[in-house]
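What follows is a short report on a single structure.
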C-alpha cells in the first residue's frame with residue numbers, strides 16, 4: 001500500500017514493479033488518513049523499540065518487533081486524538097514564526113500585497 005506521493009510513480013519505481021510482478025501496488029486516495037494511521041503505527045514501533053535496541057541481524061530485529069507487537073496487543077487501547085484545533089494552529093504559527101525569522105520562508109498575510117502583484 002502506497003500513498004500518492006510522486007516518488008512512488010517515477011519511471012524507476014514503475015520499472016521495478018514490472019520486474020517484480022508478485023508485488024501489486026495499491027495507492028491510497030489523496031489526503032487519506034488511513035495510511036497516515038499506519039505510518040504512525042510504524043513510527044511508534046520505531047520510537048519505542050527499534051531505536052532503543054542493537055540488533056545483530058534481521059532475525060533479531062524481526063523478533064524484537066514481534067515481541068513489541070505481542071506486548072502492545074496484550075492490552076490494546078484505542079487511539080484518541082487529543083489535540084484541538086487551537087493547539088494545532090498554535091504550533092503551526094510557532095513553526096512559521098521560527099522559520100520566517102531564519103529567512104527561509106513565511107506565510108504572507110492576506111492583506112499584504114505579493115511581489116508579483118506590486119508594480
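The values are calculated or read from the model by the stated rules, or taken from the named source; none is laboratory data. Quick caveat: nothing in here was measured; it's all calculated off a predicted structure. Note that we place each Cβ from the backbone using ideal geometry, even for glycine, and neighbour counts take in every protein chain shown.
What number of residues within segment 35-62 are closer than 26 Å to residue 78 by Cα and out of contact with any helix residue (DSSP H, G or I) (no Cβ under 8 Å at 6 or more places or on another chain)? Total meeting the criteria: 15.
Filtered by the rule that a residue be farther than 30 Å from residue 41 by Cβ and either at pLDDT 75 or above or surrounded by 10 or more Cβ atoms within 10 Å (Cβ to Cβ) (or both), segment 77-111 gives 97, 100, 106, 107, 108. Among the residues of segment 47-76, those that are exposed (fewer than 11 other Cβ atoms within 10 Å of the Cβ) and part of a loop (DSSP other than H, G, I, E, B) comprise 51, 52, 54, 56, 57, 75, 76.
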